[in-house]
1. So what is the accessible area of segment 6-147 per residue, in Å², with the probe set to 1.4 Å?
2. Given Cα pairs under 8 Å that are at least 6 residues apart, what percent is the relative contact order of segment 157-280?
3. Using a 1.4 angstrom probe on heavy atoms only, work out the carbon and sulfur share of the accessible area of the chain in %.
4. Taking a ≥ b ≥ c as the square roots of the eigenvalues of the Cα gyration tensor of segment 131-213, is the shape rounded (a/c under 1.5), prolate (a/b larger than b/c) or oblate?
5. Quick one: putting +1 on the C-beta of Lys and Arg, -1 on the C-beta of Asp and Glu, what dipole do you get for the chain around its Cα centre, in Debye to the nearest 20?
6. Evaluated at 4 °C with a viscosity of 1.567 mPa s, what Stokes-Einstein diffusion coefficient in µm²/s does segment 1-103 have when Rh comes from the Kirkwood expression over alpha-carbon pairs?
7. Using only the C-alpha atoms of segment 237-280, find the volume of their convex hull and express it per residue in Å³.
8. Pull out a ≥ b ≥ c, the square roots of the eigenvalues of the alpha-carbon gyration tensor of segment 126-280, then state rounded if a/c is under 1.5, prolate if not and a/b is larger than b/c, and oblate in the remaining case.
Amino acid sequence: MIVTAKDLLIKARAGRYAIGAFNTSDLEITKGILEAALELKSPVIIETSEGEAHFEGYRVFVDSVRDMAEDLSVDVAINLDHGKSFESVKYAIESGYSSVHIDCSLLSKAENIAVTKKVVEFAHSRGVSVEGEFGHVGGSSEIHEGEQPQDGTLTDPQEAADYIKQTGVDIFAGSYGNIHGVYKNPPHLDIERIKKIAEESGLPLSLHGGSGIPDDQIKAAIQAGICKINVNTEIRKAYREALDKALRNKVAEIVPYKYMPEAINAVKEVVRQKISLFHA
Ligand code: 13P
């Protein structure tokens, strides 16, 4: 059944576990994610960034997930990840997303609050839940050869509480030492900061940049109040490597459904591992 991310995260918060929010940009990755969730009987958030949605098509993505989820016995939330403007989020909602993330974290606090508030009013009037971000999470969902960039801005717990009060968001995404992508050195999450933000805000917290974070830090973050963990880079890497291997092993094969299953299985394996870790 299709639900909102808020529905899933309220339960996760009470149960001290996290829901995986997995990015997709095509039908094969979507299949891998949903099959893993079904196998583990776990609710799941499936999401696209604006770029991923433009590639696949907003409605193609939503319709395919709604179609597959009809046959599933697990709850699925369809989320727009890092929507950058009111117009973009509005388009996703009109296309059938059940949840949206508005990310104006690079704007001034006043501008961020103004756009987020407008998104909350529109989304709530259509039964869609909203994740807001304050404090910028840097990086990009790729494998990076170098050290982590220092372009993130750590979230101040009181500023976060003020942002939440003024906007009315349902889920809060902050910057607690996390960064998008995989780097030479793993990040060090500021667990105390997560705890303080969770206490001050009273909301389920979202952790972006879930790839490449050591398992012990993930577990500590969940205990501190993280209820949603976004994972993209590790899925992209597994998909690409498995596809390369399948094509190398079947050089003459031209039938997609004969070489794509290996890439789907690789996605499934990453999602399986993450879901198990997030519930541990
Ligand atoms: P990673 O690419 O580091 O897994 O982060 C994904 C993410 O946070 C999407 O919003």
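The values are calculated or read from the model by the stated rules, or taken from the named source; none is laboratory data. Predicted, not measured: the structure shown is a model, and the values here were computed from it. Note that each Cβ is placed from the backbone with ideal geometry, even for glycine, and that neighbours are counted across all protein chains shown. The accessibility values were calculated without ligands, DNA or RNA, using every heavy atom of the protein model including side chains. Shrake-Rupley method; radii C 1.70, N 1.55, O 1.52, S 1.80 Å.
1. Per residue, segment 6-147 has an accessible area of 41 Å².
2. Computed value for segment 157-280: 22 percent relative contact order.
3. Answer for the chain is 53 percent, counting heavy atoms of protein chains only.
4. Judged from the Cα gyration tensor, segment 131-213 comes out prolate (a/c at least 1.5, a/b above b/c).
5. 440 debye
6. Rounded, D is 96 µm²/s.
7. With only Cα atoms used, segment 237-280 gives 51 Å³ per residue.
8. prolate
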